[in-house]
Every structure is written in structure tokens, then in C-alpha cells.
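Written below as C-alpha cells is the structure these notes are about.
Since every read-out is calculated from the coordinates, none of them should be taken as a lab result. These numbers were taken from a predicted model, which means no experiment stands behind them. Cβ sites come from the backbone with ideal geometry, for glycine too, and all protein chains shown count toward neighbours.
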Amino acid sequence: MTDPATPQELSTDGIAAPLRFPAFRRIWLASLLAYLGILIQFVGAAWAMTEMTSSADRVALVTTALMLPVMLVSMPAGAIADMHDRRVVILIALSIALCGATALTVLDLIGLITPDLLLVLCFVVGSGMALMNPAWQSSMSERVPADALPAAVALDGISYNIARIFGPAIGGIVVSTGGAVAAFALNALLYLPLIIALFFWKRVVEPSKFPREQLTRAIVSGLRYIANSPSIKVVLTRAMITSVIAGSIPALMPLVSRDLLHGGAQTYGIMLGAFGFGAVVGALSMGEMRKRMSAEAAIRACSLSMSGAIAAVALSREPFLTAIALVLAGATWIIAFTSFSIGVQLSAPRWVVGRSLAAYQASTSGGVAIGSWAWGRLTDAAGVEIALLVSSALMVLSALFGFWMPVPRTNTPDEDSELLAVPEVRLPLTARSGPVLVEIEYRVAPENARAFHNMMQDVQLSRQRNGAYGWSIARDIADPELWTEGYRCPTWLDYLRQRNRSAQFEGALEQQAMAFHIAPHPVRIRRMLERPFGSVRSKDEPPNRAGSVVKPGHCKRGMGNCSSHPATTAAETGKA
């Protein structure tokens with residue numbers, strides 16, 4: 001639930017609109033401190049590794065240790081975010097990160113920290129953040145209305161990059177005066193305000209339409225949705241390519257400071273601060289850029305600009321010039337990745353948004369982790385300057401992907417459809433009854449056959465991403481006007497979920513398919529149980545809201561048979 005605000009207030013405030021909502025404002029301010037702590041710890045960990053070893057590979061692995069968990073944990077974390085109270089998930093995740101930061105502090109304080117142990121504990125902290133990220137991003141829509149969501153995403157980026165401006169500089173001072181242990185301790189303390197703010201956030205949980213999915217099934221459902229969603233696949237692919245190439249910036253920054261600029265921890269902190277300052281400038285310009293340019297045009301422009309900035313960092317030996325180049329790199333980084341993030345959030349319905357964002361975070365963080373390792377290896381072989389110049393050249397090539405895989409236009413999130421009445425049932429079904437076979441008969445004029453078939457390819461993707469299996473479309477060879485669409489769902493409950501997961505644009509897509517039907521009677525829909533006895537459990541399964549036995553005459557909107565409602569036909573919102 002969000003606090004009320006008028007459309008006039010939102011349009012007037014622009015980027016600041018989400019700050020009108022107290023819950024968002026409190027959590028945003030607390031997150032700023034947490035981000036500050038994370039950046040301070042990163043400086044401490046990277047510089048501690050630089051002091052313990054001269055290997056560029058080991059130094060770059062600090063970034064990998066922090067980012068790799070996002071790639072490994074994101075999909076389960078996204079499923080957990082969609083299945084459970086997101087506030088609780090975030091609190092548990094922060095507690096894990098707090099434990100990792102505390103362990104780093106204690107072990108460094110007593111002198112037991114080693115390069116391998118440093119990487120392991122960075123991995124623990126990264127795992128906590130990986131568990132938190134999908135719940136954090138998907139809960140943003142619960143703190144602001146849909147109109148303010150793009151601004152909220154941009155503000156979250158701004159808070160991180162404000163921390164990026166001051167955190168590394170503070171981290172450099174903290175490390176130079178108190179050592180890495182002081183940076184680790186400060187990070188642990190700065191988690192506490194966010195934990196307190198989230199603890200007092202009165203999140204209003206809407207009751208779920210159906211019972212919670214099992215974790216493995218929820219992960220599979222999320223993967224199926226993404227696999228059958230062309231727009232999300234394009235965004236994920238482009239984001240991963242960009243992150244692999246751009247990963248040279250965070251991975252090699254300590255070596256740029258030490259080897260190219262001949263500085264210390266403070267120089268490293270200032271360079272990271274310059275990058276963060278650029279990111280804030282980029283985030284503040286997001287609103288105007290979204291008005292003037294498409295997402296694809298903005299991402300191409302950012303790729304080319306980032307290429308020039310990376311080349312300048314490689315060739316510069318003056319801290320001032322390097323800082324200017326990093327300001328440009330930070331601005332283009334945040335614009336590109338915020339555009340990717342907004343594209344995912346606006347393309348995914350609410351039931352799967354956590355898993356979609358998890359996939360996005362896995363692709364970007366995995367890309368940075370893989371890129372960091374690769375750039376570290378290349379630096380060991382050829383030097384920092386050559387590695388950065390190679391990254392710059394590849395960034396130019398990444399802009400060309402826009403001609404092959406353009407990022408789709410997305411402006412507003414699509415609303416979920418209303419919960420549908422349950423179709424007529426005359427068998428005693430339970431949630432686990434199944435498999436369920438659905439057949440839909442259309443009569444289509446022969447001259448419209450090709451157009452109808454093309455339309456049904458989009459319907460196929462819609463059915464499959466919402467949970468259908470074994471989809472097919474077939475034309476009767478003895479009656480050319482007759483087409484039969486068929487698909488299966490593993491159980492009755494799975495069918496009810498699939499039927500109610502469609503977003504409004506998918507409902508409109510089904511209506512367009514129905515419009516090809518030329519017979520005077522409605523489209524005929526059959527729902528059949530493939531194992532009508534062995535899988536129907538009427539005695540041994542305990543009744544519950546979604547799995548109770550459904551008997552003829554029993555009416556239960558959203559689950560059981562509704563004898564007072566007609567069987568589903570074209571008149572019933574076109575839903576199979």
C-alpha cells in the first residue's frame with residue numbers, strides 16, 4: 001500500500017515524486033547509509049587484497065566474489081521474493097550480509113584474515129545482497145504507485161551512486177587511518193538503520209489468489225515465463241553483454257590507481273567517487289532522456305560514450321583527467337543499466353516480477369563477475385592499459401547489437417487481469433487432479449488462415465509463459481475452416497494459475513484471436529482430465545482454500561465449480 005498523492009503532484013515533482021511517500025522516503029534514506037557502508041567495505045576489501053598480493057587476478061577476484069553470488073542465487077531469490085513477504089526476505093538477507101561483515105571485522109582485528117578467507121567472506125556478504133536484491137527491487141512498487149515507479153528505480157540508483165561519490169573517498173580515508181578492519185566494522189554498523197526502517201515498514205500484503213508454489217516449481221515457472229517472453233530475453237542478453245565488457249571499470253580500478261596513477265587508497269577512493277558522481281548526474285538526467293530518446297537510442301549512445309571514457313582512463317596518467325573520464329563512464333553506466341532495469345520491471349506482470357528482476361540481476365552481476373575475472377587475466381598477461389583499450393573497442397561493437405536485438409519500448413507497466421470465475425466442473429476435482437487438457441475450437445475463413453496462424457504464435461508464447469505445456473495448433477483436413485488449439489497443465493491448480501496469470505495485453509491478444517472466429521456460436525472450449533480416476537483425490541487429501549474437493553453444485557469463485565456461472569465460452573472474457 002502507498003500513501004496518496006495526486007497525478008499533478010507526481011508530474012510536477014518528476015524524479016522527486018517517490019519521496020512524497022513516507023515509507024519510500026524513510027527506507028530510501030536508510031538504504032543510502034547501507035550503500036555507503038557497502039562501498040566503504042569494498043574499498044577496504046580491494047585495498048586489503050592489493051596489500052596482501054601483487055596478482056591482478058586476485059585483486060579482480062574481490063569484485064567477482066561480491067558479484068558472483070547474484071548470478072548463482074538470483075533465481076531462487078526471485079522465486080522466494082514472489083512467494084513470501086518481501087519485507088521479511090529483505091530483513092533475513094540483510095542479516096546474512098551483516099554476519100559476513102561482522103566476521104570480516106573480527107577476523108581482521110585478530111590478524112587471521114588471508115586472501116582466500118577474504119574472498120570467502122566477501123562471497124557471504126555478496127550472497128546476502130543477492131538474496132535481498134529481487135525482493136528489494138520488486139517491493140519498490142509496493143512503496144510507490146505505478147506512475148512513480150520509473151522515478152523510484154532512478155532514485156534507488158541515485159542513492160547508490162551518492163554513496164559511490166562519498167563512500168570510496170570515506171573508505172580511502174578510513175582505510176588509510178584505521179586499516180581495512182575499520183572499513184569492515186563501519187559497514188556492519190551502517191546496515192542497522194535499514195534493518196530498523198524495514199522493521200517498522202507496515203507492508204500491506206494482499207492475499208494470494210492461490211496457494212504458494214513450491215520453490216522448485218516457482219523457479220521453473222519464472223524460467224518458463226522468461227524463456228517465452230521475447231522482450232525480457234532481449235533486455236537480459238543486452239544487459240549481460242554490456243556488463244561483461246563494462247566490468248573492466250570496477251575490476252581494474254584499484255590497478256588503475258596503483259599502476260597508472262601511482263596513487264594509494266585515497267586515490268582509489270577518489271576515482272570511485274568520480275565514477276559515482278557521474279552516475280548521480282546520469283540518474284538525474286534519466287527523466288529528460290526518457291522523454292527525448294527511446295531506450296535503445298539511449299543505450300547505444302551510452303555504449304559509445306562509455307567506450308571513449310574507458311579509452312581515456314587507459315591512456316591518462318593524470319588523476320584529474322582520469323576522474324573526468326570516470327564521471328562520463330559513471331553517467332553512461334547508470335543510464336544504460338537503469339534503462340535495462342526499467343525495461344524488465346515494465347515488461348513483467350506482478351506475479352513474476354521478482355523472478356524477472358532476479359534474472360536481470362543474475363545476467364548483469366554474472367556479466368560483471370565473469371568480466372572481472374577475464375579482465376584480471378588479460379591484465380596479468382598484457383597490462384592494465386591494453387586490457388582497458390580492448391574493453392573500449394568491444395564496447396563500440398556492443399552498440400551494434402542494437403540493430404540485431406533492439407531493446408523494446410516500454411512506458412507503463414501492464415496491469416494484471418481480474419480473477420476469473422472458475423469454469424463449470426462436474427467431476428470431484430482437487431488441486432492435484434490432472435493433467436488437464438484444454439482444447440479450443442475456432443472457425444476461421446480460409447482467406448484469413450495465414451493471419452490467424454501468425455496470431456496464434458503470439459498466443460502460444462502467452463500460454464507457455466503463464467504455465468501451459470505441449471501447446472499445438474492444428475487445422476482439420478476435412479473441414480478447412482476448423483482449427484483446434486490444444487495445451488496441457490500438470491494439475492487443476494496449475495490450470496487455474498495459468499488461466500489467471502495473464503496480463504491485460506495478453507487478454508487483448510486472446511480477444512484478437514477470437515475475432516477470427518466466424519461461426520454464429522461461440523468458440524468451443526473443452527477442458528478434460530487425462531487421468532479421470534487415478535489422480536482425483538477426494539478422501540485422502542486435506543481440504544484447503546485451493547485444494548478442497550470440488551463437487552457438482554459447489555460454487556467457489558477462484559477455485560471450485562460454479563454451477564451458477566455458465567461454462568467458459570467466448571463470452572467469458574475469451575479465456576480458456
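What's the long-distance tail for region 314-419, i.e. % of Cα pairs beyond 24 Å?
That fraction is 41 percent.
If you plug each phi of region 140-155 into the Karplus form 6.51 cos²θ - 1.76 cosθ + 1.60 with θ = phi - 60°, what whole-Hz ³J(HN,Hα) values come out, in order, with x for Gly and Pro?
3J(HN,Hα) across region 140-155, in whole Hz: 4, 6, 8, 9, 9, x, 4, 4, 9, 4, x, 5, 5, 4, 5, 5.
Return the percentage of antiparallel bridges among DSSP beta bridges fully within the chain, rounded to the nearest 5 %.
100
Mind listing the long-range amide H neighbours of residue 263? Cut-off is under 5 Å, sequence gap 5 or more, other chains count too, H placed in the peptide plane at 1.01 Å from N.
Under 5 Å from the amide H of residue 263: 258.
Can you give me the three principal axis dimensions of region 338-387 from its C-alpha atoms, in Å, biggest first?
If we take the Cα atoms of region 338-387, the spans are 47, 17, 8 Å.
Label points 7 Å out from Cα along the Cβ direction at residue 317 and residue 482: separation in nm?
Distance between label points: 8.3 nm.
Quick check of the Kirkwood formula: for region 123-203, what is the inverse mean of 1/r over all pairs of different Cα atoms, in Å?
Roughly 14.8 Å, rounded to one decimal.
What does the charge dipole of region 29-144 about its Cα centre add up to, to the nearest 20 debye, if the Cβ of each Lys and Arg holds +1 and the Cβ of each Asp and Glu holds -1?
Roughly 220 debye, rounded to the nearest 20.
Using θ = phi - 60° and the Karplus relation 6.51 cos²θ - 1.76 cosθ + 1.60, list the HN-Hα couplings for region 261-277 in order, rounded to whole Hz, with x at every Gly or Pro.
9, 6, x, x, 4, 5, 4, 4, x, 5, 5, 5, x, 5, 4, x, 4
Which log10 I(q)/I(0) values does the chain give at q = 0.06, 0.07, 0.12 Å⁻¹ under the Debye formula, counting every alpha carbon as one identical point scatterer?
The Debye formula, applied to the Cα set alone, gives -0.36, -0.48, -1.13.
For region 114-221, what is the charge dipole size about the Cα centre, in debye to the nearest 20, if Lys and Arg each add +1 at the Cβ and Asp and Glu each add -1 at the Cβ? Intermediate values should be presented prior to the final figure.
Values: 7 positive and 6 negative charges, 45 e Å.
Charge dipole of region 114-221: 220 debye, to the nearest 20.
Alpha carbons only, please: Rg and Dmax for region 153-288, in angstrom.
Reported Rg and Dmax, both Å: 20.3, 60.
Looking only at Cα atoms, what is the convex hull volume of region 23-121 per residue, in Å³?
106
Divide by every residue of the chain the summed helix terms, -39500 (n - 2.57) for each DSSP H run of at least 4, and state the resulting mean residue ellipticity at 222 nm, rounded to the nearest 500 deg cm²/dmol.
-21500 deg cm²/dmol
Only counting other Cβ atoms within 10 Å, I'd like 32, 39, 155 sorted with the fewest neighbours first. Show your work: numbers first, answer last.
Numbers: 32 20, 39 28, 155 25.
Ordered by Cβ neighbours within 10 Å, fewest first: 32, 155, 39.
Can you give the Kirkwood hydrodynamic radius of region 248-289 from its Cα pairs, in Å with one decimal?
Every distinct Cα pair counted, the radius reaches 11.2 Å.
At a threshold of 8 angstrom on Cα-Cα distance, excluding pairs fewer than six apart, so keeping six or more, what relative contact order does the chain reach in percent?
18
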